[in-house]
Amino acid sequence: MIHSLFLINHSGDIFLEKHWKSVISRSVCDYFFEAKEKAEDPENVPPVLQTPHHYLISIYRGKLFFLSVVQTEVPPLFVIEFLHRVADTFQEYFGECSESVIKDNVVIVYELLEEMLDNGFPLATESNVLKEMIRPPTILRSVVNTLTGGSNVGDTLPTGQLSIIPWRRAGVKYTNNEAYFDVIEEIDAIVDKSGTTVFAEIQGVIEACVRLSGMPDLTLSFMNPRLLDDMSFHPCVRFKRWEAERVLSFIPPDGNFRLMSYHVSSQNLVAIPVYVKQNISFLETGSCGRLEITIGPKQTMGKMVEALMATIHMPKSVLSVSLTASQGSYTYDITTKILIWDIGRLNPQKLPNLRGSLSMQTGVPKPEENPSINIDLKIQQLAISGLKVSRLDMYGEKYKPFKGVKYLTKAGKFQVRT
Amino acid sequence: MSTAALYNDQGAAEAAVEAGQETTPTSSSSGAAFGLFSTDFKKNEDLKEMLESNKESLKLEAMKRIVQLISKGKNASELFPAIVKNVASKNIELKKLVYVYLVRYAEEQQDLALLSISTFQRALKDPNQFIRASALRVLSSIRVPIIVPIMMLAIKEAAADLSPYVRKTSAHAIQKLHSLDPDQKEQLIEVIEKLLKDKSTLVAGSVVMAFEEVCPDRIDLIHKNYRKLCNLLVDVEEWGQVVIINMLTRYARTQFLNPNINESLLEEGSGGEKMFYGSDEDEDEDEKEKKAEAAAIAKRKPYVMDPDHRLLLRNTKPLLQSRNAAVVMAVAQLYFHLAPKAEVGVIAKALVRLLRSHSEVQFVVLQNVATMTIKRRGMFEPYLKSFYIRSTDPTQIKVLKLEVLTNLANETNISTILREFQTYIKSMDKDFVAATIQAIGRCATNIGEVRDTCLNGLVQLLSNRDELVVAESVVVIKKLLQMQPEKHSDIIKHMAKLTDNIQVPMARASILWLIGEYCEHVPRIAPDVLRKMAKSFTNEEDIVKLQIINLAAKLYLTNSKQTKLLTQYVLNLAKYDQNYDIRDRARFVRQLIVPTEKSGALSKYAKKLFLALKPAPVLESPFKDRDHFQLGSLSHLLNAKAGGYQELPEWPEAAPDPSVRNVEVKESVPEWTKCSSREKRKEKKVEKPFYSDSEGESGPTESADSESDSASTTDSASASVSEESESGLESESEEESETEEEEEDKKEKKNQKKEPKKPVQESESEQSSEEEDRKPEKRSKKLKSDSESDSVEDEGSESESSPSESEDFESEAVVTKKKKAAESKPPSKSVRKEEKKEKKEMSLLDLDDFEPTPSPQVTPVNTLLSNSLATDLEGLSLSDSILSPATIIPSGALKNYELLHRITGEGLSVEYCFSRQPFSPDANMVAVQLQFTNNSTSDTKNLHMEDVRLQSGMRVKEFPEIELLPAGEMTSAVMGIDFCDSTQAANFQLCSHTKKFFVSIQPPVGELMRPVFLTENEFKKEQGQLMGMNEITEKLTLDVKCRNEHAIVQRVTTAANLSRVPCGSDKECSPPVPPPDYPVHRFAGRTVTSSSLVLVTVATREEGAAQLMVNCEKMVIGTMLVKDILLALTQ
């Protein structure tokens, strides 16, 4: 299936290659570079390219291209999903997925890739299994290793791979047993010029951090599971139990994982936490424009809106801006034409306001369309859909774990058209 | 290379060996090169030293640096001899890194690689499975042809290994060996065949992958493993799932019939969708014929889905919830290609969910959605808004979303979509704007209603400042105008003016073509345009020049007076053009239109040639017909066949023999028990890892139930009450509200007496619900004790609650309510009594077919069946049943159906039920008991039937005329209908002295039969004769409340008029195949008209799984019965 993998950085250097079958010359990437040139924006590079003898399937993550070469028919999503899984694994091992980190840990990266694919077919992709075989680097271990000549490769064998629950490693032991669940919801919305909501929906995930000894069997139930319309689960969740009783029953992996992601049924009206009053205009004569934005609370369920931020992709002809913000600060990147207004906490008494003028390139016709405003925000301790976890039970182990649930609402793809 | 060469210069001992391998001439190394690569060289030199040292840590350090070299794509092959020695190292990390190196360079250093083989051969015998597996992994990755026999041997051994992990590795090795030496195919297929039989989930995915790579056409290897693969699927790791699902899609296409074969005709009839995309008439015609043919075939043979086909669909569905996008896509394509049309909809939600994922995932999913929306538009319509475009989406995503939106457009949503498009047109992303304009054009051609609106909108765009936008609009307008040019001459005029400004060649060419084509509509402007064009001819692009020549020719033919000279001027210019196409065209046109003595006969036809009516172009989706590629595949994405792509076969005309999938079991038992026991084994395997824990909690009580079942049924009934603690509460409250309703009903009919038992029940249920309100935490206990005491004291109340038990929680509670309301509506005591009596009998589980024959005469009900008489009858039936214990016919509550509603009947309401008694005047008829209630204030007279309209073969025995039904009274009558073993409705008119009502009676299939008594052996014998086509098997999961014997029997007998085959003999006389703790329930009956046997078997398994089998020579009845019983058992 997957023949070779090339990691390519933003500027087009191949800094790592790995082959699972016979070696494919890196000149095959030239086709990719050609497409990259043509696309201008890295996001616009087609994920699947055809060359005379190979097919190139690539993803763009963290300013890196993961480019895989395949020779025969294979479901493209299979490869894409796998590449993202590789990137996720790097992220988990090294804290970030960037060129420098991968270069620093190239041996571990190589060992990981060797275990993840066998002859191009995924072998071990569960992070719990991988961590048993190849230990993630820590500062302490690297110091110890250099002193004692110890290694990163686990001397225990990956029993998880054989078990019926491959996602959990065996013999987990903690002195503090704890299980935390974060219910994170994102509001995706398109609001039009007049402030009416064109489209809005809520997407949520439950991120879990479970550090429990032994083989705990957990049951998580909701007060109002009916809200959930469509969901996808971590493989550990017993699907039939959910179907029958609407409870999440699972033996968790060790550590951090995404338990489920869900979509709130579209019949429910989505509460839009903020409103945006804006007036952006480009004058027909002269080379300037005006901008005024005010953001106020709408339906916040009595909670504080934090980390409020507005991002505007300005038209190419906007040269510079001179604005005054009543709260927070703004930056304007002249090369990318992105205006970012970092507001912070939303004060309902004194609404944040940004106003001023834009200076335009002369001799260029005024832009057809006003730029749309992307909003970012956070509301702590609130799941905007109203979803509530009712209880968490543990079976199979004797100790009493510490349990916690946190709610958070964020703006997802929240766009205000102007 | 040069490093290697330099290395040779140094003359190290090992290098000499290597020098033989290297083909690079040593002379290529020069002094300059030395300087350049000296650092590199030195590094390699100390690497070698480090490798040869005795210290593990130094060796490890060296290997790490070598791996770094490899990762950068630098050549480190000259270190091979030094490294290969470490292959047997004790240090695991060192060993692994050596493996990495070995696999990378073995192909280049074949002879040296052989040195390591013996190490692996030794490791293959290691007691530790991981060492065995990793040895096989590396051994098979060494691409050295000499060791093929060794690999073959190792693979064969590993395939028989005890450890599933090693077997998995061997499946991977098969592919490696096959790519190394395709001649080994035959032997490898044998190994694949063996591994396919493997029952481990670890192996399944890998071996199917090997199958796909080595012998994808050997579909026959799958037959015997098909059911196993379907059942294992949930537990296979996600990557294996993708491969298996894709393979099974292809398999199913060769083995099953098209489930939509019957619908294709309907589809054609509904037209709408087809119209938009139907490109040309002929093709449609052909298609129509084909479809008609197919439909004809379908009519001859009603479609019955193969149970294996159903199995696949059912077992893949939960995977739509997978977190892995590839799995979701695989299931989606399986449903798209294999599922009946009505069921495909489930995939839409999951696919829309994937749109939240990474942009690459979005890209692939949108491509597939675009293809799907062409065939199945309705599926994605509810998710229209999820395809709205954000300004931050990458352009390629935007364009795809636009495609989907365009495909989804229809008359109802077009206004919303056009409003969205309006926003998109103003986008800064000009490629996207161009795509939007084309999308508008397509909407306009597809939906006639908005054509003018779109055209106007596009014309407005002509004054846009961006030239690209204008050009794109011109091209689209041209296409639109071609459909109805005469109406839009002003638009053509407007466009003619644009020639001064627009510079985009394609747009200019489009305008010129339009003017030429419709020069009759703009007779004044056209010559002027030509004049201008002639002036700028030399500066135009080639496509514009060609159109100028065309314009000139057309004008010359229509208006030669004004344009003769101009045309000749243009042709002269073209004659000396640099482009040979243009020169050719000019020569050709001149010969055609300018008559000379030499010009041939063709010039006469010039007008016909140039001014022929051109058909309007069809704006089509680029995704049309892409679905002949398997969705989700690389080939589909590229719209071109990729290497190794396996075509998705067309459905077969007739299904191949389904029995090939049966798996032989050694015991010589009837087929159905075989498969049931096999499936049980499998299910154990499948379910255990995931679900055994969860369901184990309720498991023990259940199995205890089923054991005690045979002993006492009342026990089990109360146990089932205790099982559902929560739902009991709701149904209880439901009951309360229902009794209230009933009371209202009663108030309406004041002359009705109250039943003696009723108040007791009411108060009881009210009381209990009150109590529950007070102590909600104890509700389940309370309820349990309540119902237990009920069952002891008052059987009536227990049977009251039993129907509600059988319902699922809240959602079903509504159904319960309805059903119960229907039951309770007729305040007739006779019916009530009868129901009650039957229920009581059922709860005792021993009653016979004795029932009071309802009098066909008009009799005031309350006098006929007094309370005391009812109890008398109960006693009678009890004693009867003791006399003939063999004929056990438990019948569920009779269901009342509405024939005439109180409102439509203007006060007269009629309900009917199938009384399940033999209709004495004619044994071939089904007895239908009608219940007339006069709710009006005036009397109804002369109730009788008229104008009976029936399907051929059906007969009706009318009920005797009811002369008088006083106001507020009710009465009942019995009629007989011979339904001819079909579920066709009997239509007739119900007439009173003043009014006529059209009514119809449609029987559920379960009522078309009468119970017969069979012993178990007789049953099995008969069943043996009704195999093959006459047998329909379905697997199901029993409803939580329906896992004991009592409930199953009750539900089956409620759904169909069948009698239970005594099961006591099961354990004694049948071979010990079905384990006794999973009872098998058998029911028998005959169809009323043709007396065909109907045999039903419900074989239970652990955890509520069960298998339902119906044997009946009337296949239609069998199929419908399966559906009904399935519904009864799973809800």
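Largest first, please: the extent of the C-alpha atoms of the stretch B:503-616 along each principal axis, to the nearest Å.
Taking max minus min along each principal axis of the Cα atoms, the stretch B:503-616 gives 40, 33, 28 Å.
Let me have the 222 nm mean residue ellipticity of chain A computed from DSSP H runs of 4+ only, each contributing -39500 (n - 2.57), with the sum over all residues rounded to the nearest 500.
-5000 deg cm²/dmol
Could you tell me what % of all Cα pairs in the stretch A:2-148 have separations over 28 Å?
Of the Cα pairs, 18 percent sit more than 28 Å apart.
How many Cβ atoms of partner chains, on average, are near each residue of B:360-366 if near means within 10 Å of its Cβ?
6
Projecting each Cα onto the charge dipole of the stretch B:44-259 (Lys/Arg +1, Asp/Glu -1 at the beta carbon, about the Cα centre), which of B:VAL166, B:VAL214, B:SER179 comes out farthest on the positive side?
B:VAL166
Just list whichever of A:LYS131/B:LYS74; B:LYS176/B:LYS199; B:LYS554/B:LYS607 have alpha carbons separated by over 18 Å in the model shown.
The pairs that break the limit, which is 18 Å between Cα atoms, are A:LYS131/B:LYS74; B:LYS176/B:LYS199.
Along Cα→Cβ, 7 Å out, is where each label goes; now give me the distance between the ones at A:LYS350 and A:ILE338 in nm to one decimal.
So the two model labels end up 3.0 nm from each other.
Which of A:SER58, A:SER221, A:SER322 moves most in a GNM of chain A, Cα contacts under 10 Å?
Per the Cα network of chain A with a 10 Å cutoff, A:SER322 tops the list.
What's the magnitude of the charge dipole for the stretch A:2-148 around its Cα centre, counting Lys and Arg as +1 and Asp and Glu as -1 at the beta-carbon? Answer in Debye, nearest 20.
My answer is approximately 240 debye.
Can you tell me the order of A:4-11, B:97-104, B:213-220 when each peptide is scored by its average per-residue count of other Cβ atoms within 10 angstrom, highest first?
B:97-104, A:4-11, B:213-220
Calculate the FRET efficiency for B:SER1000 and B:MET1029 from the Cβ-Cβ distance with a Förster distance of 25 Å, rounded to the nearest 0.05.
The calculated FRET efficiency here is 0.20.
Taking the simple approach of a point 7 Å from Cα along Cα-to-Cβ for both B:ASP584 and A:ARG290, what is their distance in nm?
Inter-label distance under the simple model: 6.2 nm.
Run through every distinct alpha carbon pair of the stretch B:896-1003 and return the Kirkwood hydrodynamic radius in angstroms, one decimal place.
About 14.0 Å, per the Kirkwood formula over Cα pairs.
Using modelled backbone amide H atoms (1.01 Å from N, in-plane), which distant-in-sequence or interchain residues come within less than 5 Å of B:LEU1038's amide H?
Amide H neighbours of B:LEU1038, under 5 Å, 5+ apart: B:ALA1105, B:ALA1106.
Quick one: among A:ALA35, A:ALA189, A:ALA271, which has the greatest mean-square fluctuation in a GNM of chain A with alpha-carbon springs under 10 angstrom?
Evaluated over chain A, the most mobile residue of the options is A:ALA35.
Quick one: what are the phi-derived ³J(HN,Hα) couplings along the stretch B:619-634, Karplus 6.51/-1.76/1.60 with θ = phi - 60°, whole Hz, x for glycine and proline?
Along the stretch B:619-634, the couplings run 8, 10, 6, x, 9, 4, 6, 6, 6, 6, 8, 4, 4, x, 8, 5 Hz.
Taking the Cβ-Cβ separation of B:ARG524 and B:ARG419 as r and a Förster radius of 51 Å, what is the calculated FRET efficiency to the nearest 0.05?
Rounded to the nearest 0.05, the efficiency is 0.85.
Could you give the distance between the Cα centres of the stretch A:198-243 and the stretch B:504-547, to the whole Å?
Computed from Cα coordinates, the inter-centre distance equals 65 Å.
Please state the shape class of the stretch B:440-529: rounded when a/c is under 1.5, otherwise prolate if a/b exceeds b/c and oblate if not, all from the C-alpha gyration tensor.
It comes out oblate by the Cα gyration axes.
What length, rounded to one decimal in nm, is gained on full extension from B:ARG122 through to B:LYS564, with 0.36 nm per residue of separation minus their alpha-carbon distance?
149.6 nm
Highest mean first, what order results for B:234-242, B:902-910, A:20-28 on Cβ atoms within 10 Å?
B:234-242, B:902-910, A:20-28
Determine the gain in length on full extension of the stretch A:THR324-A:ARG226; use 0.36 nm per residue of separation and subtract their C-alpha separation, reporting nm with one decimal.
Gain on extension, A:THR324 to A:ARG226, equals 30.7 nm.
Say the dipole of the stretch B:503-616 comes from +1 at the beta carbon of Lys and Arg and -1 at that of Asp and Glu; which of B:ASN579, B:LEU609, B:SER510 then lies farthest toward its positive end?
About the Cα centre, the residue reaching furthest to the positive side is B:LEU609.
For B:HIS944 and B:LYS604 in the same chain, what is the full-extension length gain: residue separation times 0.36 nm, less their Cα-Cα distance, in nm?
So the extension gain works out to 114.2 nm.
In percent, how large is the relative contact order of the stretch B:503-616, given Cα pairs closer than 8 Å and 6 or more residues apart?
Computed over the stretch B:503-616, the figure is 23 percent.
Give the average, rounded to an integer, of partner chain Cβ atoms located within 10 angstrom of each Cβ in A:252-262.
For this peptide, the per-residue mean of nearby foreign Cβ atoms is 1.
Considering every residue in B:632-643, what mean count of other chain Cβ atoms within 10 Å of its Cβ is obtained?
5
Which ³J(HN,Hα) values, rounded to whole Hz and listed in residue order, are derived for the stretch B:380-392 from phi using the Karplus coefficients 6.51, -1.76 and 1.60 in 6.51 cos²θ - 1.76 cosθ + 1.60 with θ = phi - 60°, glycine and proline given as x?
9, 4, x, 9, 3, 5, 5, 9, 4, 9, 9, 5, 8
Hey, rough spin-label estimate for B:MET506 and B:CYS991, points 7 angstrom out along Cα→Cβ, what's it come to in nanometres?
With each label point 7 Å from Cα toward Cβ, the separation is 7.3 nm.
How large is ³J(HN,Hα), in whole Hz, for each residue of the stretch B:472-477 in order, when computed from phi with the Karplus curve 6.51 cos²θ - 1.76 cosθ + 1.60 and θ = phi - 60°, using x for Gly and Pro?
Each residue of the stretch B:472-477 in turn: 4, 4, 4, 4, 5, 4 Hz.
P(r) for chain A, please, calculated from all Cα pair distances in 10 Å bins and given in %.
Binned Cα distances yield the sequence 4, 17, 22, 25, 21, 9, 2, 0.
Using Cα centres only, tell me the gap between the stretch B:910-985 and the stretch A:340-418 in whole Å.
Centre-to-centre distance over Cα atoms comes out at 67 Å.
Count the net charge of all other residues whose Cβ sits under 13 Å from the Cβ of B:GLN578, scoring Lys and Arg as +1 and Asp and Glu as -1.
Taking every Cβ under 13 Å from that of B:GLN578, the sum is -3.
Checking the table B:LYS385/B:LYS478; B:LYS125/B:LYS197; B:LYS317/B:LYS641; A:LYS366/B:LYS398; A:LYS240/B:LYS228; A:LYS350/A:LYS406 against a 26 Å threshold on Cα-Cα, which pairs fail?
Table pairs above 26 Å Cα-Cα are B:LYS385/B:LYS478; B:LYS317/B:LYS641; A:LYS350/A:LYS406.
Report, largest value first, the span of the C-alpha coordinates of the stretch A:274-380 along each principal axis, in whole Å.
49, 23, 21
Can you give me the long-range amide H partners of A:ASN353? Hydrogens built in the peptide plane at 1.01 Å from N, cutoff under 5 Å, separation of 5 or more residues or another chain.
Under 5 Å from the amide H of A:ASN353 lie the amide H atoms of A:SER326, A:GLN327, each far enough along the sequence or on another chain.
What relative contact order, as a whole-number percentage, does the stretch A:274-380 give when Cα pairs under 8 Å and 6 or more residues apart are counted?
In percent, rounded to a whole number, it is 38.
Suppose a student asked you for the relative contact order of the stretch B:896-1003, using Cα pairs under 8 Å spaced at least 6 residues apart; what percent would you report?
Relative contact order here is 26 percent.
Given R₀ = 22 Å, FRET efficiency for A:LYS298-A:SER194 by Cβ-Cβ distance, to 0.05?
It comes out at approximately 0.95.
The numbers here are math on the coordinates, done by the rules we state, and not lab data. This is a predicted model, so every value here is computed, not measured. Note: ideal-geometry Cβ built from the backbone for every residue, glycine included; neighbour counts use all protein chains shown.
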